[in-house]
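So the structure is just underneath, and the comments pick up after that.
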């Protein structure tokens, strides 16, 4: 049965890939300093890392060209946050569903802040699988090499790019170990140039704090709980 593009992230193969990506980037998230973080994900049921390593998270998911979650906004408009609002931005396959602007993402990242970006390798066997499962729905998947080059042009230092997962989708959601250099997904870790946030001792919190700061003037919170 065909799936809509934003629903495919609930499939077993994609859940397995998301799990492997999480294992790959969690050491970077644990070392991140600061207080505010943004999660922007293509998976509707995605949430901040557990435990939440930064004090305040804003969680958004993409569907039908809009952000849903803590804030409601159109994906093709400027992000509804002030400059430098977040010490960490975690993008989980978000660039595959909407024409998001990397300039906007970098704008709302604080100087010295960390950007963690995951995606599907467009040159792997996942692309024909995507087209088959969605009956031809277009994916905007971009290679990590292209993204790294684009980020360097906007004063962002790319720290590492890691391929993860298998070259072909698997029917199981259980992560499988294989040749990482053939992975169908990737993790890109980068840092915005500028003075880093003051290092603080991070304590896990069982409940995320409500969104209180960082919204651009005129932006509204989502009514979706």
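Here, each number is a calculation from the coordinates, and none is a lab measurement. Treat the numbers as computed from the prediction; the structure is a model and nothing was measured. Counting neighbours? That spans all protein chains shown, and the Cβs are built from the backbone with ideal geometry, glycine included.
In the stretch 69-103, what residues are under 21 Å from residue 138 (Cβ atoms) and outside any loop (DSSP other than H, G, I, E, B)?
74, 91, 92, 94, 95, 96, 102, listed by residue number.
Using beta carbons and a limit of 6 Å, which pairs, at least six apart or on different chains, have the first residue in the stretch 128-155 and within 20 Å of residue 117 (Cβ to Cβ) and the second one surrounded by fewer than 16 Cβ atoms within 10 Å (Cβ to Cβ)?
Every condition considered, the pairs that remain are 155/193.
What about residue 33, is it in contact (Cβ under 8 Å) with a residue 60 or more places away in the chain, under 22 Å from residue 183 (Cβ atoms) and surrounded by fewer than 21 Cβ atoms within 10 Å (Cβ to Cβ)?
For residue 33, the condition - in contact (Cβ under 8 Å) with a residue 60 or more places away in the chain, under 22 Å from residue 183 (Cβ atoms) and surrounded by fewer than 21 Cβ atoms within 10 Å (Cβ to Cβ) - is not met.
Given the residues 48, 52, which is the only one that is touching a residue at least 24 places away in the same chain (Cβ under 8 Å), under 12 Å from the mean Cα position of the chain (by Cα) and part of a loop (DSSP other than H, G, I, E, B)?
Selected residue: 48, the only one of 48, 52 that is touching a residue at least 24 places away in the same chain (Cβ under 8 Å), under 12 Å from the mean Cα position of the chain (by Cα) and part of a loop (DSSP other than H, G, I, E, B).
Condition test on residue 109, is it surrounded by 18 or more Cβ atoms within 10 Å (Cβ to Cβ) and either in contact (Cβ under 8 Å) with a residue 12 or more places away in the chain or out of contact with any strand residue (DSSP E or B) (no Cβ under 6 Å at 6 or more places or on another chain) (or both)?
yes
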